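Notes follow once the structure below has been shown.
The values are calculated or read from the model by the stated rules, or taken from the named source; none is laboratory data. Just so it is clear, the model here is predicted, and its values are computed rather than measured. When we count neighbours, we look across all protein chains shown, and the Cβ atoms used for this are built from the backbone with ideal geometry, even at glycine.
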Amino acid sequence: MNLGSIRINTPGSNITEVNFFDVSDPMTIKQRITNLSGRMKEADKIIQKLRRMEEEYELGRIDRAKYDELESKYRQQLSNYQVTPPPRKVIVEPKAQPLKENSETEFCAKCGEKIAKSDTFCRRCGNKRTNT
């Protein structure tokens, strides 16, 4: 198969333009590129899940056992995509204790996260708590 010259333009994250010059089977090459692009997007989603999971652990929303379980699961999924996972973060034990649901708890107006009335800022998004 003559691969010829292939030019790939990616002006946006959702748009990819592929131009072929002197390629014997452009549809096969285009399909391969489309498949690779889809696999990379899926791998990126898994990396984002891994990062969110690390944040959840650091904020005390998930325990160490769940953290270890999810980390192993996400890293295994990345290896299936033949993508090198990001380096492991240094595990920091959670600083925050989960909030107890009581009359001292409110919700963030921006993201909906539980906020203790004694807190000035939301633990998730950093939005300043409005005085009610």
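Quick notes on this one:
Here's the yes/no breakdown for (1) among the charged types (D, E, K, R); (2) modelled with pLDDT of 70 or more; (3) part of a helix (DSSP H, G or I); (4) not assigned by TED's automatic domain parsing to the domain that holds Cys125:
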{"residue": "Val18", "(1), (2), (3), (4)": "no, no, no, yes"}
{"residue": "Ser24", "(1), (2), (3), (4)": "no, yes, no, yes"}
{"residue": "Met27", "(1), (2), (3), (4)": "no, yes, yes, yes"}
{"residue": "Lys30", "(1), (2), (3), (4)": "yes, yes, yes, yes"}
{"residue": "Ile33", "(1), (2), (3), (4)": "no, yes, yes, yes"}
{"residue": "Met40", "(1), (2), (3), (4)": "no, yes, yes, yes"}
{"residue": "Glu54", "(1), (2), (3), (4)": "yes, yes, yes, yes"}
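- Any chance Ala65 is modelled with pLDDT of 80 or more, surrounded by 14 or more Cβ atoms within 10 Å (Cβ to Cβ) and either of a type outside the set (Phe, Trp, Tyr) or within 30 Å of Glu113 (Cα to Cα) (or both): no
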